[in-house]
Every structure is written in structure tokens, then in C-alpha cells.
Amino acid sequence: MSSSEQPEGEGEAFIGQAEGQLDGDVLADLQGQQNPDEEDMSDGEAGEEDEDEEAGSAGGGDDEMEDDSIHLFEGHTSGVYSVAWSPRQADLVATGGADDRAYIWRVGQEAFEATGGAVLELSGHTDTVSSLAFSADGTYLASGGMDGRVKVWEVASGRCAQTLEGPGDAVEWVQWHPKGGVLLAGAADFTAWMWLAATGACMQVFSGHSGPVTCGSFTPDGKGVVTGGGEGDASLRLWNPKTGECTLTVQGHPYHTGGLTCLDVHPDSTAVVSGSEDGVPKVVNLGNGRVVASLAGHQEDSSVEAVAFSRHLQHVAMSGGMDGQLLLWDLNAAVASTRATCQHPEGVTRLAQHPSQPLIFTGCLDGVVRCWDTRTGGCVRAWGGHRDTVQDLAVSPDGNYVLAGSEDETARVFSMAFGGEVPAAQAH
């Protein structure tokens, strides 16, 4: 589908038609209304904690590297490219791979004894499952495929509740609205799509990029949609989810010269940090579109694959690149500066933040998962086991475990505890 084409009008359900099918908070967000009960979102304050016990090493492994995982999943027959952890169930995870399948499974010995090791196989995609996301309440799992389809699965049964069609090419990413009910996805056909998950109806198509929509997100307040364009586009766009109108476009100097690869929206929904093939992360003010910081520090033209604003330290951002560097940035100055460099032996592919502590997990081309202290830049832990590139990471809701999917056709769970076991499943 070209960037100017629109989907067939039949079956579309725009925001105004969705009343009665959406939670009131979600509907208010998408219409840009203020919920009087909604609390302002802001940076988490830097929490004080006991000093982290230093263990492991930032260095890469060797051929005799031990497997530090507490759980190994070998159900896939090809590379594992996407992983997700349920926000509501402590031991429930999902993985998707190049074998065109996704699986829902439980972690740990107690789960194995309770289920006999049973897993839910989610079949129906006809190409790589490239992205996964649990709904906020943990009831549904969304999967995006290179076949151009998004599927919504009932977590309890593994039943496919909806197949969301529209994109004319591979789905690059999927995300739920922060309060649930609505799904957003970016596609290689230069478009982004928004659906009502309960019915599968298309609510909006965001058309205007001139390259694949490689990254994107709802703003944390739920009132906006941000998308980034890849090769041939290199733009950042802010959209009104009610009307589909593009309200802000950032493109050209002093913004990126190469296609965007990743982005993260600040918790207060006022700014975006983006990464690109050009190797220089940018921070953009969403109010006026101004590029407020160019974070020069990665090797020239070394693609930045992951970026984030710290959820625990104010005025701190981070970026991971193919040059093997995780750079921590101090944004609280006239000119942003590097506060720490966390060196990896090979390229950094993914970042994932701890939910309650100032810690960051990284995936790497060398197959090692590492945990870093974002206050000091020190390596807290390093877990070996994977024999190939770590493609994706997910952290348990309590922050005690990290799930990694790898090109080596496996998914592994690692524990923050030294020799610890996964606790009994519980609802949060």
C-alpha cells in the first residue's frame, strides 16, 4: 500500500463510533480529553538503594561459557525474534520467531509441575513473528508478523480472538494503548494502523511517511501517537489519534540523516529520544518540534539500535549501538554530555529497564545478557548461555528475572538472584 492510499471504508470504526466498546479512560485519551482522576506522569525520582553487589563481567564469553539460565525454552525451530512478559502473572511469558509461530509458556519448576511442561502454540502467521505485546491487564497477547498481519490471542486459552488486517507489508512493531483496548502497529508499507481489538475494526490509518514505519508508540498519557520512519524517510511524526492528522513533522537538518531504528517517549509525554542508522541519537521537544539535543558519542555511522529515557533517574537517557557501546547521557545541561560508557565486546541490540530500580539490561551480538547500574555505569551481572545474537529482552513485573530471545532458536530466563528460583505464580 502506498503512503497515500487509505483502507476500504467498509468495517472502519473511528473514535466517535467506538463508544460502548472502549473503556471510558481509553476513549477520553484518544479524544484528547483530560481525565480528572488521572495523575500526572513524570520522571521517577532517583531512588536510594543499597549498593549493588558487583558480579559477573562486561566481557564476552567463550566457547566453554556456562549456561546461567534458570529456564531454557527450545520449542522454536528457528531464531527467536520477539519476547514479552505478562504484566499480571509473575511466571507467564511469550516468544515469537522466524518459524512463524508464537508460544505462551510458564517459567520455573512449580509451573512445570503444575502444567506438565505444557505450552500454548499460537499458529496462524505465515511469516516471522516479529513483535509481541501483552495488554495492560494481561488478558490478551498481540503478535505482529512479517506477513502483514496482527493477531490478538486470548492468553488463557491460546485462541485467536482477532486477525487485524490492513498493512500491505511486514508489521514492524505492535503496541497496546497504555490503558488497553486499542492496538497500534507500524508497517513496512509506510503506514501505521490503529484497531479496536475487541472487534478488529480499523479505527485509524496514519499515512505520510515515505519509508517503513520502523518504530512508534502511543504517548504515555495515551493522547498521541508518535512514529519514526526508516530508510528513505528519516522523519519523526506526531499524530492525532482521533482525526489521523499529522500535527508535527521533524525531518532534515538538524535531525537524523539516516533512517530511524528506535524511539522512546518521555514519561511526561513532552519529548522523544530517537536512534538512527546515522549513529547520533536525537532528543526532540514534542511541543514545538525543536531538536534540543544531538547525542554525539557513538562511532560515526554505527547504527543505534535502542534508546530510552531513564524511568528512575531524572534527566538521563541511554543509547545502545552497533559499536558495542551503551552510552548514558546527562540531559540536564546546556549541552548534553556522556555520564558513563558501558562497553560491550560486540554490538548492542536491545535495552530493557528494571521496573523499580535504576538498572538497565542489554542484549548483545555476543549472546550475553548484561545488567548495568545507570547511576555509575558499572556492570552488575552478566549471564551467558546463548550461542548467538540476543534479539529481544523482557523483564518480569517484579524485576527479578529477564527473558531473552536469541538467533540460536532458544529463549532463556535469567535470575537477578544468585541461584534463586522463580516464585509461585501470583497475580499482581
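A few notes on this one:
A quick yes/no check of all residues on (1) surrounded by fewer than 21 Cβ atoms within 10 Å (Cβ to Cβ); (2) among the aromatic types (Phe, Trp, Tyr); (3) touching a helix residue (DSSP H, G or I) at 6+ places or on another chain (Cβ under 9 Å); (4) modelled with pLDDT of 95 or more:
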site	(1), (2), (3), (4)
GLY228	no, no, no, yes
GLY244	yes, no, no, yes
TYR255	no, yes, no, yes
LEU263	no, no, no, yes
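- Of the residues making up region 195-211, those that are out of contact with any Asp or Glu (no Cβ under 6 Å at 6 or more places or on another chain), over 13 Å from LYS151 (Cα atoms) and not β-branched (Val, Ile, Thr) are MET203, GLN204, PHE206, SER207, GLY208.
- Where ASP147 falls short, out of the listed (1) open to solvent by 20 Å² or more (accessible area, probe 1.4 Å); (2) not in a loop (DSSP other than H, G, I, E, B): (2)
- The condition of being closer than 21 Å to ALA133 by Cα and either modelled with pLDDT of 95 or more or open to solvent by less than 30 Å² (accessible area, probe 1.4 Å) (or both) does not hold for THR270.
- Of all residues in region 385-422, those satisfying the criterion of being farther than 21 Å from GLY97 by Cα and assigned to a loop (DSSP other than H, G, I, E, B) are PRO397, ASP398, GLY399, ASN400, MET416, ALA417, PHE418, GLY419, GLY420, GLU421, VAL422.
- Number of the exception - ALA411 against (1) open to solvent by 20 Å² or more (accessible area, probe 1.4 Å); (2) in contact with a Ser or Thr (Cβ under 6 Å, 6 or more places away or on another chain): (1)
- In region 292-318, residue nearest to THR376 (Cα to Cα) [restricted to those that are in contact with a Gly (Cβ under 6 Å, 6 or more places away or on another chain) and open to solvent by less than 30 Å² (accessible area, probe 1.4 Å)]: HIS312
- Pick from region 323-337, criterion of a type outside the set (A, V, I, L, M) and not in a loop (DSSP other than H, G, I, E, B), ranking: least open to solvent (accessible area, probe 1.4 Å): TRP329
- Exactly one residue out of ARG311, ARG290 is under 16 Å from the mean Cα position of the chain (by Cα) and farther than 20 Å from GLU172 by Cβ: that is ARG311.
- Subset of region 151-173 [open to solvent by less than 20 Å² (accessible area, probe 1.4 Å) and aliphatic (A, V, I, L, M)]: VAL152, VAL155, LEU164, ALA170, VAL171
- Listed conditions (1) at pLDDT below 95; (2) open to solvent by less than 50 Å² (accessible area, probe 1.4 Å); (3) in contact with a strand residue (DSSP E or B) (Cβ under 8 Å, 6 or more places away or on another chain) are all met by GLU421, apart from (2).
- Residues satisfying the stated conditions in region 67-97, i.e. under 15 Å from ASP408 (Cβ atoms) and either aromatic (Phe, Trp, Tyr) or surrounded by fewer than 20 Cβ atoms within 10 Å (Cβ to Cβ) (or both): ASP67, ASP68, LEU72, PHE73, GLU74, GLY75, THR77, SER78, GLY79, TYR81
- Test: residue in region 196-203 that is open to solvent by 40 Å² or more (accessible area, probe 1.4 Å) and farther than 28 Å from ARG290 by Cβ: yes
- Qualifying residue in region 347-359 (condition: hydrophobic (A, V, I, L, M, F, W, C), more than 20 Å from the chain's Cα centre (by Cα), open to solvent by less than 10 Å² (accessible area, probe 1.4 Å) and within 30 Å of PHE73 (Cβ to Cβ)): no
- Region 117-131, residues that are part of a loop (DSSP other than H, G, I, E, B) and crowded, with 16+ Cβ neighbours inside 10 Å: GLY124, HIS125, THR128
- Odd one out for HIS386, checked against (1) over 20 Å from SER303 (Cα atoms); (2) crowded, with 21+ Cβ neighbours inside 10 Å; (3) touching a residue at least 40 places away in the same chain (Cβ under 8 Å): (3)
- Pair list, Cβ < 8 Å and 6+ apart or interchain, from region 313-338 residues that are at positive phi to residues that are assigned to a strand (DSSP E or B) and hydrophobic (A, V, I, L, M, F, W, C): GLY324/VAL348; GLY324/CYS364
The values are calculated or read from the model by the stated rules, or taken from the named source; none is laboratory data. On a predicted model such as this, the values are computed, not experimentally measured, just so you know. Here the Cβ is made from the backbone with ideal geometry for all residues, glycine too, and neighbour counts use every protein chain on show. With ligands, DNA and RNA removed, areas are computed over all heavy atoms of the protein, side chains included. Shrake-Rupley method; radii C 1.70, N 1.55, O 1.52, S 1.80 Å.
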